[in-house]
Amino acid sequence: MHQKDLAIEINDVPGSNGALIINFRGELSSLCISRISGTFDTIDYSTIKFVIADMSNVTLVSSAALGEFMGGRKRLVESGGDLVFASLQIDLRSKLNMMGANKIFRFYNDTRSAVNAFRWEYEKHHEHLHLSFPPFLKLVPPIRSLVSRVAKQKGYSNRDSFRIETIIDEVCNNAIEHGLEGANKSIDLKMTINPAQVEFTVTSVSDPEKMQALKAMIKSDEHDLSKLRSDEKRGRGLALIKMLSNELTVDCNESGTSVHVKKLREE
Amino acid sequence: MESQIELLYEDIPGRSNARLIRFVGDLDATNVQSVLEKLNSLFSEGFTRLVADFRKLRYVNSAGLGILLYFTKTVREKGGSFKIANVCENVYEIIEIIGATSLLEIYDELNEAIAELN
């Protein structure tokens, strides 16, 4: 095995100053560890926080080469960053798993997923979800389930995801209950999520006949659950949303009702 | 696309007029009415001492809690009882926030709830 079998190319991540993609090609044998360590030496660790090792064209990683990656990762971790692997071939991934590398490094299916992880974790990149749906109660369970799954996928705990699911459920149910009926009317759900918080805005077309009741409910001390009789089947939704969220604003006018909820990540 | 909820009924050995109801799934606005009808129907059939097992109740919202509170009060007024056991952590938190822990009869374990039927 010769060193010439290895090619290394460093590329910026478009639009990001804190990340690099290093493309490795060939076999990372014990003969090429100086080139790997030399590559890590060229990194400016004061600005670069995230290195993605693109392994799509790598067929072998020796234990010595893996040691160099561990060294590179250590330097990044010490400055609050990380080194991850992307696009590992199946055989190589299995081999690295057997070597226990998966307990140290994160593996991503492709560089795009790795870049997204960087943007999410280090640039606090917001992700957006926008749904429009007709005001039918039966559509709420799959919607709340989707939102909960998104939160879980983004690293929110089961408990936080459950709370988010409950908030969405209650807000959407209220929108349907107090909005205009009909398949041609729609409810808009906009969700923005980042590692620290999730925000929702649910907008619906208000039913003029239900408008006064809705306004009265918002203005009243309905949030005080102690004033509800135990045999009252309804009226606890808004209070529940308020208790589960960190911020709740309801804007109700003739054109529509907009409910904005902010929920901070707790765990 | 309604939420799936199943109510599975079982006899409680040695307890007359009693039934164990295992809730499986999500209790929400899409199914509260049918659940309430099933509970009322069971009570009307003479099963006046009811124990609900919530071990597999994954989700409950304010509408679901509303009917549980309503049913508990109705049953009490008619001389019966409706006890709840094995509530999972997430569901218990919602019950707690709503302030319903003192209004519902909640037990940690099923056998505790059944013992209290006496």
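Here are the numbers for the structure shown:
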| read-out | value |
| --- | --- |
| Dipole in debye (nearest 20) - region B:1-85, about Cα centre, beta carbon charges: Lys, Arg +1; Asp, Glu -1 | 380 debye |
| Å² per residue, accessible surface of the protein assembly as shown at 1.4 Å | 47 Å² |
| Of all accessible heavy-atom area on chain B, the percent that carbon and sulfur account for (1.4 Å) | 44 percent |
| Chain B, relative contact order in percent, only Cα pairs under 8 angstrom and at least six apart counted | 23 percent |
| Cα centroid of region A:20-82 to Cα centroid of region B:23-42, whole Å | 57 Å |
| Anisotropy class of region B:69-118 from Cα gyration tensor, a/c 1.5 cut | oblate |
| Residues losing 40 Å² or more accessible surface upon assembly, region B:76-118, compared with the chain by itself, 1.4 Å | B:Asn90, B:Glu93, B:Ile94, B:Ile97, B:Ile98 |
| Positive-end residue, the protein assembly as shown charge dipole about Cα centroid, Cβ charges, pick of A:Val77, A:Ile167, B:Gly64 | A:Val77 |
| Relative contact order computed over chain A (Cα-Cα under 8 Å; 6+ residues apart), in percent | 13 percent |
| Residue-averaged [θ]222 nm for chain A, counting only DSSP H segments that reach four residues, each worth -39500 (n - 2.57) | -12000 deg cm²/dmol |
| Heavy-atom SASA rank of A:His260, A:His130 (probe 1.4 Å, accessible area, largest first) | A:His130, A:His260 |
| Angle in degrees between helix B:62-77 and the longest Cα principal axis of chain B, rounded to the nearest 10 | 20 degrees |
| Percent antiparallel among DSSP beta bridges (both partners in the protein assembly as shown, rounded to 5) | 55 percent |
| Area hidden from solvent between A and B (accessible, protein heavy atoms only, 1.4 Å, total, Å²) | 2300 Å² |
| 0 to 90° range, to nearest 10: angle between helix A:208-219 axis and chain A longest Cα axis | 70 degrees |
| When each of A:Lys152/A:Lys263; A:Lys49/A:Lys74; B:Lys56/B:Lys78 is checked by Cα-Cα distance, pairs over 20 Å | B:Lys56/B:Lys78 |
| For the protein assembly as shown: rounded, prolate or oblate by the Cα gyration tensor [a/c cutoff 1.5] | prolate |
| Mean separation of Cα contacts under 8 Å, 6 or more apart, over the residue count of region A:27-111: relative contact order % | 34 percent |
| Solvent-accessible area of A:Glu199 with every protein chain in place, 1.4 Å probe, in Å² to the nearest 10 | 50 Å² |
| Global geometry of region B:5-115, whether rounded, prolate or oblate, following the gyration tensor of its Cα atoms and the 1.5 cut on a/c | rounded |
| Cα-based helix-to-principal-axis angle, A:158-178 vs chain A, degrees rounded to 10 | 40 degrees |
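The values are calculated or read from the model by the stated rules, or taken from the named source; none is laboratory data. Since the model is a prediction, treat every value here as computed from it, not as a measurement. All Cβ positions, even for glycine, are placed from backbone atoms using ideal geometry, and neighbour counts span all protein chains on display. To get the accessible areas, we keep the full protein, side chains included, count just its heavy atoms, and leave off ligands, DNA and RNA. Shrake-Rupley method; radii C 1.70, N 1.55, O 1.52, S 1.80 Å.
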